[in-house]
Structure formats: structure tokens, C-alpha cells
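The values are calculated or read from the model by the stated rules, or taken from the named source; none is laboratory data. Because the structure is a prediction, the values reported are computed rather than measured. Here Cβ is always computed from backbone atoms with ideal geometry, including for glycine, and neighbour counts include all displayed protein chains.
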């Protein structure tokens, strides 16, 4: 079905955070007519697979909207219950639930708020009925993805300022946001900079490095083992730019394994003036604060526990439901992060909770 | 006062004997001419400063005495008068202190000024004080009298225990209260029935932040009562409200915090705590009840010794405990812990924590060792308006340890950067948030207790 230009009042629009209005285009979504056979986990993975630009939180939001489409519910309460149940199912299916949680929480908050008719600035006559609200969400499903993409463009605009002429950017992880920033900066004729890409063995890192090269940037690739050496030896590095999977409330990040290492080295290696910035959309903020030890376990991430010393030199069967080694994540303390480049501007780590507060 | 004729050195501004003289009343006494007028400006300044400190102490002491002996003018009985500020007094300023001795004879004399040894610099820091029952204001309710005594002797000590005792006593006050003819409850109750109680409690021991918050809410609640409401109904409503506060803000909060915090304890963890705090104790027991096996390291407050009791309780519950009677060897103990759990008296609007002296040392050491500090605190303890960046703005002097050589402050201030998260009963903020996040939410939220 085609979505029209959103005709609803501004206040009713979906709260993926970019304030800029993205151009709405027609979009044909696959219909899940059979409500009984709706599988949220499958839908989520289909969505994630079908669009390589989509982020995990947005895929989670879209699958929840698909759920609304597939399951006719007559009352608001029924709908909320359903959404919560399926959200829990989706979360349980993922060894790293944080990105899904970020999106699903955002959607749930929005849903609750619109069902209560309490969206800010809504005058009484504009309060929509349950059916209208539901229909509105369904009609505008694609807006989430569009806004997320617009957010990435916005981040590129902000982030370009942090790429300095004559300097070197150190980056890793194959983040799409980071790539976008570097490509935009490369298009700027006044900036001549070079990139050192840390390759961590994942295809997406190599692909990102290739993409940057194709755009005419001078890219040098190094292995993870060389990070300390390069940071110490290359005084021209003034920016370390990483992406992330999730931002925690306290301003820390849960990101691809190795990020914490690079962040720690950036802080501790002397020589030159280096800043670590994280480029991420605000919809990646997850309402969790990692305060209990061990951090990742308490965040609900299931990955190999090194502390168990299970690796005895012989091949043992991997536990089911754990993250693949290449998808493992680590937690970077806010202390090590100089700032976040978001679509809402540059935020310090301590400002993250203010953004969370935005949508509660 | 003889000492006042020459610049008094800091620390001895108030002489034991005359300080007890009530400042109130007797406007007739003229300025005594004992003051030589040939002091240098610097001397004058020093003298004025010393006198100010002395006056503060005196005003405080005088409150009770003034209440006992009806002063010549009216109004001494109500709350405003008891504050000793707005009263008409004869000569103001320096002369006031100078002429005080002339009226000493007729008043009861307290033998020893407990604050005499406190240096000027700390003169603003209040101290709990045993107010003899005979000197209490006549309007103070017996229930409040006993609560006041318990507070001044630290039998009721931590903020929540004091809050609960206060609320229960106030419930009695409201129960026994009858609006005089020609008055309305919403106008009369606070100034004539509640304020004397509040003043008395404050005098026994400075109010804690939780009490301040609750009393503010209670006053707002009373103000909101319709003048035309029948008195019985209004009183019933207030008593019900007090019950709600006790149930929701104290009992339920304690349960929720213990439950949430217990979830943060992992099997095999070592949790370090300082002194004995009710919430931390509840959390450990809850975690044990949930089947977690973990160790506890107790760093005791060397002056309070509550950690010993905590150690016994935890041992009995089957939790292995490492007990240290003081802060010695803090660093390795903290570094070995998985998390540090601390309780607090209050959290300020800038996220800093007001807690038993020594808490800040533990928190800073933990931060330095990379161990995250979790603070457990009910939201009633949050001060949304005030900030604190040092331990001197809001503190108390330990009345038990206040000698000529030294004195001890009860609390210290832990800045928010040493605290990883605060567990409160307020959950929609995602449970365990930085203190500032919770405060932001609290500020945004209309307090449900007022409406």
C-alpha cells in the first residue's frame, strides 16, 4: 500500500528523532495477511536483511508495526498487551537485545502516548480515536526508516566539522554512520584528510574501507594489534571515530568488540591531540544504565563468558543462543568518550540521559 | 560580657555563663556604656563577627527559655515568636550582646554551652541538642516531645526512621487537634499546631531532608483543604494522606529498592558497603533470599560501629562477611569488590550524595579502582531545589564528639561523578539511573502527593 504525504498534525508524527521532515515516497510493503502465522522474529530478520541501510532499532520498530497490521485488535489495552508480548519474544530471540530494546521501547512509549491522546501540543479536537491512531501508525510505517536515514545524513553534516584538514582519522568497525561522515567530508574540497581503518576481520570493515577508497580517499588499513603503535606514532591523528550498536543512559556505548580497547588506547597513548567521538542516531539510546558488575551480563547480552575458563585447548561445542564471536560486543565507559555526534547535534556523554528524558 | 570589650579570638566568642541568657524580651534595657569606642576597624570587624556567632548560639538557647517564661509582649507563644527573629527588641546589633548580662539573673542558666569550642568557620553547622522537657514549648505535643528526645539522643537516627517517627507523631497531633471557633483548619493548623512541633523537633536535631520534604508536602496538603470542608473530614483526609506517605514512600519504597538492588548482585560477587544502612542490609538479605551466593565486605564507620551489627545479621543469614572496623586498607578491599553499595541520607539537585562521614572516601576509592558505586536512596530523600558541592553547606556536628580540641561532622558529600547509579523506588526512569536523570524526572513530575 502506498503512504501519502503525512497529512496528520505534526504532533502525531512518529518520534524517530530527526526534526527535519524527510521526503515521503511511495512504498509497497509486504502484507502479512495471515495474523495467526505472524512471526515477529522472522519479520525482524526479513526487514533487516531486505534493506542494508536499516538499523536494528528501526527494524524492531517496523516489525512491531507489522505486528499491528497483522493482528486486528479492538481495544487499546489489547493492542498494548500484544505489542509487549511480541516485544518480549523478539528480545528473547536475540543474544544482544539492546538495539532491539532501544527501538521497541521507543515505539512502545510512542504507542502509549498516542493511545492516551497525550501527545504534546495536541488540541482536543485533534485527538485521534484508537482506530485512527492505529491506522496512522500503519500508514506511516516507512517514516521510521526514512527518518532514521535522514538522521544519518544529519549526523554526517554535524560530523563533517570534526574532520580537520591535513589530519588523519582513525576508525573501525564498518559503521554506516561513520562512513557517511567521511564520505561527506571527502566531498568537501577544502578538506584534505586521510583515513586509517582498523580491520577487525569482519567483512563490513573491509567493505567500508573499500567504499572510502572508491570515493577517492587515501585509506590505510591496519590490524587491531597495531592500534597502540599507530596512535603513538601518528601525531596527525586527531580524531578517532566509531559507530555503536547501542548507547546506554549514562553515556557509555555497547559496540563491536575492540571499541573499548581503541577508546582506552586513545585516552592513554601520549602524543598529539586525539579525541574519540561516537557517531550514532539517538534512537540507539537504550534505557539501561550499566552499573552492576559484570556489565554486559547485566545488560542482558549473551556472549561467551571468558571468566568460566572453558577453553581448555580442545574444541568444545558452543552454547546455543550466544553471540557469534564476530558479533561480540564490549562496553566503553563514558569517561573514555569525548562526545557523541547525533542528528540532534554534538552531545557530551552526560547529556545522553537528557535525550532519554525527551520521550518518557 | 567582659570578653566582648576586647576582640575575642575565634573559638571563644560565647562565654559559658552569660550565653544562656535569653535574648528575648526586656526591650527597656539601654545600651550599656561599657564599650570603649576606640577600637580599630579591624578589631571592630572581628568583634562583630564573634558577637554574631555568640548571638546565634544565644538565640538558639534562648528559644526554649523564652518559651518558658512568658515575655512581656504578646505573640511569644506562636511559631513566629519562637523563632526569636521578628520580635521587637530594644537596641539592635552590637549593643544587644553587650547588655545581655544585665538580665541574666532572672533566667535559668544552662551550665555549659556545648557549642563553645566550635570555631567560627563552622558556626553555621547545626548540632543536635538535648532540650530539657521542662524547657519545651507549651504547645508541643507529648508524642512529639518523645520523638524529639529520641532524635536528640540519636535513638532514632537515619533519615527515614526520623521521617516515619515524625509523621506518626504529627498524625497524633492532627488527631488531637481541634480548630478554635472562628478559625478554619487550613489556616490555623499549620501556624498554631504544627509549627511549634516543627520548631521543637528542629531544635532537638536539625531536620533531615526527608522530613523537610514531607513537611513541605503536608503543609501544601493542608493549605489545599477547602475552608468549608467539615473538620472531621479534613482531619480524616490528612491522616489518610500521612498513612499513604508512610506506606508508599517508606515501606513500599524500601521493598522495591531492595528488590531491584538485589537483582544487581551476581552469583559469586563481592559487594562492599560502608557502615550499616537499612536499605543495603535489606538488599543483601533479599539477594540471599533469592538464592544468590555472594560475599560482603563491610567497611565500618569507626564512630558509629553499626557495621558490626550488620556483619552479625548477615553472618546469621549465611552470607560470608569480611569486616573491617575502619577505613584502613580500603583500597585493596574496594578493588577486590565487584560493586560498592552505599546508602544515603539525601541526594541534592546536582546529584551529589549526603551520607555518613566516610562514604565519600569509599566512593572515591571505588571510582579510582574502577569499581562502580551504586547508591540506594528513596526519592523522599531527594532535595530537588538545593545543590551541594561541599560537605560544609549542609551538615551536622556530632554532639557526642565535640570537645575543645576537635569535633566531628556527621556527614560528607559525595559528588555525582563518583556514583555510577542510584537505585530508587521510581522505576519508569529505567530503574537504575544516574542521580541527575532521576532528578530530572522528579522535577518534571507533578508530585502525586500534593494533588
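Is one or more of the residues making up region A:225-242 assigned to a loop (DSSP other than H, G, I, E, B), more than 14 Å from chain B (Cβ to nearest Cβ), closer than 20 Å to residue A:341 by Cα and over 23 Å from the mean Cα position of the chain (by Cα)? Break it down into steps so the answer makes sense when it comes.
So in region A:225-242, the residues assigned to a loop (DSSP other than H, G, I, E, B) come out as A:234-236.
Checking which are more than 14 Å from chain B (Cβ to nearest Cβ) leaves us with A:234-236.
Add one more test, that the residue is closer than 20 Å to residue A:341 by Cα, and what stays is none.
There is no residue in region A:225-242 that is assigned to a loop (DSSP other than H, G, I, E, B), more than 14 Å from chain B (Cβ to nearest Cβ), closer than 20 Å to residue A:341 by Cα and over 23 Å from the mean Cα position of the chain (by Cα).
For region B:349-378, how many residues meet the condition of being outside any loop (DSSP other than H, G, I, E, B), touching a helix residue (DSSP H, G or I) at 6+ places or on another chain (Cβ under 6 Å) and within 14 Å of another protein chain (Cβ to nearest Cβ)? Working first, answer last.
Let us first name the residues in region B:349-378 that are outside any loop (DSSP other than H, G, I, E, B), namely B:353-356, B:359-369, B:372-376.
Narrowing the set further to residues that are touching a helix residue (DSSP H, G or I) at 6+ places or on another chain (Cβ under 6 Å) leaves B:363-367, B:369, B:373, B:376.
Narrowing further to those that are within 14 Å of another protein chain (Cβ to nearest Cβ): B:363, B:366-367, B:369, B:373, B:376.
Looking only at that region, the number is 6.
Mind checking whether some residue in region A:244-251 is at pLDDT 90 or above, more than 18 Å from residue A:155 (Cβ to Cβ) and buried (at least 24 other Cβ atoms within 10 Å of the Cβ)?
Yes.
To keep it simple, each residue is scored yes or no on (1) touching a helix residue (DSSP H, G or I) at 6+ places or on another chain (Cβ under 6 Å); (2) surrounded by 20 or more Cβ atoms within 10 Å (Cβ to Cβ); (3) under 23 Å from residue B:279 (Cα atoms).
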residue: B:139; (1), (2), (3): yes, yes, no
residue: B:148; (1), (2), (3): yes, yes, no
residue: B:154; (1), (2), (3): no, no, yes
residue: B:159; (1), (2), (3): yes, yes, yes
residue: B:163; (1), (2), (3): yes, yes, yes
residue: B:218; (1), (2), (3): no, yes, no
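With respect to residue A:351, determine if the residue is more than 19 Å from the chain's Cα centre (by Cα) and surrounded by fewer than 18 Cβ atoms within 10 Å (Cβ to Cβ). Talk me through it step by step, then tell me what you get.
Working: more than 19 Å from the chain's Cα centre (by Cα): no; surrounded by fewer than 18 Cβ atoms within 10 Å (Cβ to Cβ): yes.
Against the criterion (more than 19 Å from the chain's Cα centre (by Cα) and surrounded by fewer than 18 Cβ atoms within 10 Å (Cβ to Cβ)), residue A:351 does not qualify.
Looking at A:93, A:114, A:63, A:74, which one is free of Cβ contacts under 8 Å to residues at least 12 places away in the same chain and in contact with a helix residue (DSSP H, G or I) (Cβ under 9 Å, 6 or more places away or on another chain)?
On the way: A:93 fails: free of Cβ contacts under 8 Å to residues at least 12 places away in the same chain; A:114 fails: free of Cβ contacts under 8 Å to residues at least 12 places away in the same chain; A:63 fails: free of Cβ contacts under 8 Å to residues at least 12 places away in the same chain.
One residue alone meets the criteria, A:74.
What's the total number of residues in region B:379-432 that are within 12 Å of chain A (Cβ to nearest Cβ), crowded, with 18+ Cβ neighbours inside 10 Å and without any contact (Cβ under 8 Å) to a residue 40 or more places away in the chain?
Residues meeting the conditions: 2.
Answer yes or no: is there a residue in region B:299-310 that is outside any loop (DSSP other than H, G, I, E, B), surrounded by fewer than 18 Cβ atoms within 10 Å (Cβ to Cβ) and more than 14 Å from chain A (Cβ to nearest Cβ). It would help to see each step written out before you state the result.
Just the residues of region B:299-310 that are outside any loop (DSSP other than H, G, I, E, B), to begin with: B:299, B:306-310.
Right, trim to surrounded by fewer than 18 Cβ atoms within 10 Å (Cβ to Cβ) and you get B:308-309.
Adding the requirement that they be more than 14 Å from chain A (Cβ to nearest Cβ) leaves B:308-309.
Taking every residue of region B:299-310 in turn, at least one turns out to be outside any loop (DSSP other than H, G, I, E, B), surrounded by fewer than 18 Cβ atoms within 10 Å (Cβ to Cβ) and more than 14 Å from chain A (Cβ to nearest Cβ).
Can you name the condition, by its number, that residue B:272 falls short on among (1) under 24 Å from the mean Cα position of the chain (by Cα); (2) touching a residue at least 60 places away in the same chain (Cβ under 8 Å); (3) outside any helix (DSSP H, G or I)?
If we test residue B:272 against (1) under 24 Å from the mean Cα position of the chain (by Cα); (2) touching a residue at least 60 places away in the same chain (Cβ under 8 Å); (3) outside any helix (DSSP H, G or I), just (1) comes out false.
Here are some conditions: (1) buried (at least 16 other Cβ atoms within 10 Å of the Cβ); (2) away from chain A (no Cβ under 14 Å). Residue B:251 meets all but one. Which one does it not meet?
Failed condition: (1).
Which ones in region A:32-68 are surrounded by fewer than 20 Cβ atoms within 10 Å (Cβ to Cβ) and in a helix (DSSP H, G or I)?
If the condition is that a residue be surrounded by fewer than 20 Cβ atoms within 10 Å (Cβ to Cβ) and in a helix (DSSP H, G or I), then A:41, A:42, A:45, A:46, A:48, A:49, A:50 are the ones that fit.
Which of the following residues is modelled with pLDDT of 75 or more and under 15 Å from residue A:145 (Cα atoms): A:78, A:108, A:66? So that I can check it myself, show each step before the final result.
Values: A:78 fails: under 15 Å from residue A:145 (Cα atoms); A:108 fails: under 15 Å from residue A:145 (Cα atoms).
The match here is A:66.
Of all residues in region A:264-274 being modelled with pLDDT of 95 or more and away from chain B (no Cβ under 14 Å), which is surrounded by the fewest Cβ atoms within 10 Å (Cβ to Cβ)?
Top of the filtered list is A:265.
With over 19 Å from residue B:382 (Cα atoms), within 14 Å of chain A (Cβ to nearest Cβ) and in contact with a helix residue (DSSP H, G or I) (Cβ under 7 Å, 6 or more places away or on another chain) as the only criterion, which of B:261, B:287 stands out? Steps first, answer last, please.
Details: B:261 fails: over 19 Å from residue B:382 (Cα atoms).
After ruling out the rest, the residue left standing is B:287.
Residue B:346 is checked against (1) surrounded by fewer than 23 Cβ atoms within 10 Å (Cβ to Cβ); (2) in contact with a strand residue (DSSP E or B) (Cβ under 7 Å, 6 or more places away or on another chain); (3) more than 14 Å from chain A (Cβ to nearest Cβ) and fails just one. What number does that condition carry?
Of the numbered conditions (1) surrounded by fewer than 23 Cβ atoms within 10 Å (Cβ to Cβ); (2) in contact with a strand residue (DSSP E or B) (Cβ under 7 Å, 6 or more places away or on another chain); (3) more than 14 Å from chain A (Cβ to nearest Cβ), the odd one out for residue B:346 is (1).
Pairs only if they're at least six apart or on different chains, beta carbon under 7 angstrom, first in region A:285-299 and facing chain B (nearest Cβ under 7 Å) and within 18 Å of residue A:57 (Cβ to Cβ), second in a helix (DSSP H, G or I) and modelled with pLDDT of 85 or more; list them, first residue then second.
The qualifying pairs are A:287/A:105.
Table: residues versus (1) farther than 30 Å from residue A:89 by Cβ; (2) in contact with a strand residue (DSSP E or B) (Cβ under 6 Å, 6 or more places away or on another chain); (3) in the same structural domain as residue A:103 (by TED's automatic domain parsing).
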{"site": "A:235", "(1), (2), (3)": "yes, no, no"}
{"site": "A:238", "(1), (2), (3)": "yes, no, no"}
{"site": "A:254", "(1), (2), (3)": "no, yes, no"}
{"site": "A:259", "(1), (2), (3)": "no, yes, no"}
{"site": "A:289", "(1), (2), (3)": "no, yes, no"}
{"site": "A:300", "(1), (2), (3)": "no, no, no"}
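Considering each residue of region A:185-221, count those that are in a helix (DSSP H, G or I), farther than 16 Å from residue A:168 by Cα and within 23 Å of the chain's Cα centre (by Cα), and give that number.
Number satisfying all stated conditions: 8.
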